[in-house]
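Here's the structure, in structure tokens; my notes come after.
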Amino acid sequence: MDVALSPSLARICGDITGDGHLQLKDWRGLTSFYSKNLTDIRAMNDRFRSVFSISGRVYEDRRYGRLRYKIFFISKPTAEFLASLCVPVGNKTNQPFDVPAWILQGGNDFYRQYLRGLFSSEGSVYSTRTNSSVLRWRIEIEMYKWTKYQKEAVTYMNQIKGMLQKLHILCSPARLGRKNKRKDGTYSIAVKLDIEQHSFKKFYDEVGFDSERKMNILKCHL
């Protein structure tokens, strides 16, 4: 596939690594996303059209009494190309993966776009109270991984930390969080890192979120 490595492609890789699904099986190749927000779905369609010259099929999903939207990009060549770039295929919780080397070597524009996609889906802004009742604001990114691969998950999250540091955004070391027991009896574990409030301005300027609500929270606490 004649698609150049670019920050726009890095953004799509970040999107998939966050909330997306890349599937390859036999004759089928599919990239899909779900969202409550139709604007997000349309923006994803625009990104794929710009990079791959393909458009997705948008559907409404009203299961469980709530409306969500889903978009399917049905293209085996596109799915195979993304897989060749080390974008994780299948269930991301059950496999180790790294930030693709071409993104790590691509420089700041690649970092910004990959991180924007990842934080827009997996990041949150929250506060806790200190012992002196002062609110402590942080940005958190959290992903779950089968405990078999928790060491590799920490390595991945520290790669995210390294990219943030290249953008002069300070953050905590990667750490493990709570465990969840799964239906098959195995456990998944949270892997996370935090960005403290003193780095909010840098994060706002360099990376940010797609969510206007999250960006407004950040703006109030710069």
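Among the residues making up region 53-91, a single one is more than 20 Å from the chain's Cα centre (by Cα) and crowded, with 16+ Cβ neighbours inside 10 Å: SER75. Evaluate the following for LEU22: is it surrounded by 19 or more Cβ atoms within 10 Å (Cβ to Cβ), part of a helix (DSSP H, G or I) and under 16 Å from the mean Cα position of the chain (by Cα)? In short, no.
Kindly indicate whether any position in region 128-135 is out of contact with any Asp or Glu (no Cβ under 9 Å at 6 or more places or on another chain), among the basic types (Lys, Arg) and without any contact (Cβ under 8 Å) to a residue 12 or more places away in the chain. Taking every residue of region 128-135 in turn, at least one turns out to be out of contact with any Asp or Glu (no Cβ under 9 Å at 6 or more places or on another chain), among the basic types (Lys, Arg) and without any contact (Cβ under 8 Å) to a residue 12 or more places away in the chain. From the list TYR64, TYR69, the one residue that fits, being among the aromatic types (Phe, Trp, Tyr), outside the structural domain of TYR149 (by TED's automatic domain parsing), under 27 Å from GLU142 (Cα atoms) and outside any strand (DSSP E or B), is TYR64. When you look at ARG129, is it basic (Lys, Arg) and more than 15 Å from ASP15 (Cα to Cα), yes or no? Against the criterion (basic (Lys, Arg) and more than 15 Å from ASP15 (Cα to Cα)), ARG129 qualifies. Restricting attention to region 110-124, and to residues there that are farther than 19 Å from SER6 by Cβ and of a type in the set (S, T, N, Q), which single residue is surrounded by the fewest Cβ atoms within 10 Å (Cβ to Cβ)? Residue satisfying both the conditions and the ranking: SER124.
Can you report the number of residues in region 72-117 which are touching a residue at least 40 places away in the same chain (Cβ under 8 Å) and not in a loop (DSSP other than H, G, I, E, B)? So the count comes out to 27.
Would you call GLY18 in contact with an Asp or Glu (Cβ under 6 Å, 6 or more places away or on another chain) and under 27 Å from LEU104 (Cβ atoms)? Taking the combined requirement at face value, the residue satisfies it. I want to confirm something. Restricting to region 1-19 and keeping residues that are within 20 Å of LYS70 (Cα to Cα) and of a type in the set (Val, Ile, Thr), which single residue is surrounded by the most Cβ atoms within 10 Å (Cβ to Cβ)? Ranking the candidates gives ILE12 first.
If you check GLN165, GLN159, GLN150 for being touching a Cys at 6+ places or on another chain (Cβ under 8 Å), modelled with pLDDT of 95 or more and at negative phi, only one passes: GLN165. Summed over region 189-213, residues that are in contact with a helix residue (DSSP H, G or I) (Cβ under 8 Å, 6 or more places away or on another chain) and of a type outside the set (Asp, Glu) total 12.
The values are calculated or read from the model by the stated rules, or taken from the named source; none is laboratory data. These numbers come from a predicted model, not from an experiment. Using ideal geometry, Cβ is built from the backbone for each residue, glycine included, and neighbour counts are taken over all protein chains shown.
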